[in-house]
Amino acid sequence: MSDPYFPPAALRNVALCEHRRRTYGGSTMPGRLSPGEREYATLVAQLSALEEDIDAARRGGLPVPTVHGPSPLLHGERVRLPDGAEIVIRSVEPEDFHEISVGFSRLGALSRFRLFHERVAHLTREQLVAVTHPDHDSREALVALDAATGEAVGLARYVRARDDPAQADVTCTVIDRWQHRGVGSALAERLAARARAAGIERCTAEVVLGDEPARRLLAHVAEEIVERRNGGTVDITARERTGSA
């Protein structure tokens, strides 16, 4: 059954890209597709990632990585979540390099795709250095740690726009076992407060089409000004809410 919006040739192209990803690894996103076709490819990729997470759950969940690095420092603000669990939120430090690397391995396939908009197996050393060495002005990063174990369970960042000091790009991610428990909201509130103190008035976020949790989290601390649909993603610009933290 053909779809008038996605001609058979385009559907075959998307299916071929998914086949190549499954066979050889890498991104599902083809390079020469129309915006509508890119949206379709994004949905295909998310469904594939979701299938991977379901398969992992059937096998008993994601493998627990062996931790050999130093234990993270548990100084910082202690936050009690609605379910009674306690986390510690503080600025990321260089010593968090190993724990953040391990924390990424605790993300499911869908969470990784929604964070990077493609299939990513691991963080590079350059990415880890950028995250763990913020200057606390043009770049800030906050980590949430399980107060009981020291495990990194969430990370929120902003990177100030070079051409507009009053605007910054923001990201926030929480490992799967801690999602929907209030970690993201706690991180977003505190990151917004840091951004306001640094003179940032607007934030931007590139959200994968269909990632409603990310949109709700952004709306928790900012009021949307404009959004632009860009194939499989939505570029959102928002004004930070005064007193959101």
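Quick look at the values:
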{"quantity": "Some residue of segment 173-188 being in contact with a His (Cβ under 8 Å, 6 or more places away or on another chain), outside the structural domain of Thr42 (by TED's automatic domain parsing) and either exposed (fewer than 15 other Cβ atoms within 10 Å of the Cβ) or not hydrophobic (A, V, I, L, M, F, W, C) (or both)", "calculated": "yes"}
{"quantity": "Condition check for Leu128: in contact with a Lys or Arg (Cβ under 8 Å, 6 or more places away or on another chain) and not charged (D, E, K, R)", "calculated": "no"}
{"quantity": "Hits in segment 141-175 - residues which are in a strand (DSSP E or B), more than 15 Å from Leu217 (Cα to Cα) and either more than 15 Å from the chain's Cα centre (by Cα) or small (Gly, Ala, Ser) (or both)", "calculated": "Ala141, Ala144, Leu145, Asp146, Ala152, Arg160, Ala161, Asp164, Pro165, Ala166, Gln167, Ala168"}
{"quantity": "Residue list for segment 119-136, restricted to those being over 16 Å from Cys172 (Cα atoms) and surrounded by 15 or more Cβ atoms within 10 Å (Cβ to Cβ)", "calculated": "Arg119, Val120"}
{"quantity": "So His180, is it under 21 Å from Ile100 (Cβ atoms), part of a loop (DSSP other than H, G, I, E, B) and touching a helix residue (DSSP H, G or I) at 6+ places or on another chain (Cβ under 9 Å)", "calculated": "no"}
{"quantity": "Output for segment 122-137, where each listed residue is closer than 17 Å to Ala195 by Cβ and touching a residue at least 24 places away in the same chain (Cβ under 8 Å)", "calculated": "Val131, Pro134, His136, Asp137"}
{"quantity": "Boolean, Ala192 is at pLDDT 95 or above and closer than 28 Å to Ile87 by Cα", "calculated": "yes"}
{"quantity": "All positions within segment 155-181 that are of a type in the set (Gly, Ala, Ser) and in contact with an Asp or Glu (Cβ under 8 Å, 6 or more places away or on another chain)", "calculated": "Ala161, Ala166"}
{"quantity": "One residue from Arg194, Arg139, Arg160 being in contact with a Leu (Cβ under 8 Å, 6 or more places away or on another chain), over 26 Å from Gly108 (Cβ atoms), assigned by TED's automatic domain parsing to the domain that holds Ser101 and surrounded by 14 or more Cβ atoms within 10 Å (Cβ to Cβ)", "calculated": "Arg194"}
{"quantity": "Residue check, Ile236 of a type in the set (Val, Ile, Thr), in contact with a strand residue (DSSP E or B) (Cβ under 6 Å, 6 or more places away or on another chain) and not in a strand (DSSP E or B)", "calculated": "no"}
{"quantity": "Segment 197-229 - residue that is out of contact with any helix residue (DSSP H, G or I) (no Cβ under 8 Å at 6 or more places or on another chain) and in a strand (DSSP E or B) and, of those, surrounded by the most Cβ atoms within 10 Å (Cβ to Cβ)", "calculated": "Thr204"}
{"quantity": "Unique residue being within 18 Å of the chain's Cα centre (by Cα), on the phi < 0 side of the Ramachandran plot and assigned to a loop (DSSP other than H, G, I, E, B) when the list is His75, His122", "calculated": "His122"}
{"quantity": "Criterion violated by Ile89 - all others in (1) among the β-branched types (Val, Ile, Thr); (2) at pLDDT 95 or above; (3) out of contact with any Lys or Arg (no Cβ under 8 Å at 6 or more places or on another chain) satisfied", "calculated": "(3)"}
{"quantity": "Pairs where the first residue, in segment 71-89, is within 20 Å of Ala193 (Cβ to Cβ) and the second is of a type outside the set (Gly, Ala, Ser) and at pLDDT below 95, C-beta under 6 Å, 6+ apart", "calculated": "Val88/Leu74"}
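The values are calculated or read from the model by the stated rules, or taken from the named source; none is laboratory data. Computed from a predicted model, the values in this text were never measured in an experiment. Positions of Cβ are generated from backbone atoms using ideal geometry, with glycine treated the same way; all protein chains shown enter the neighbour counts.
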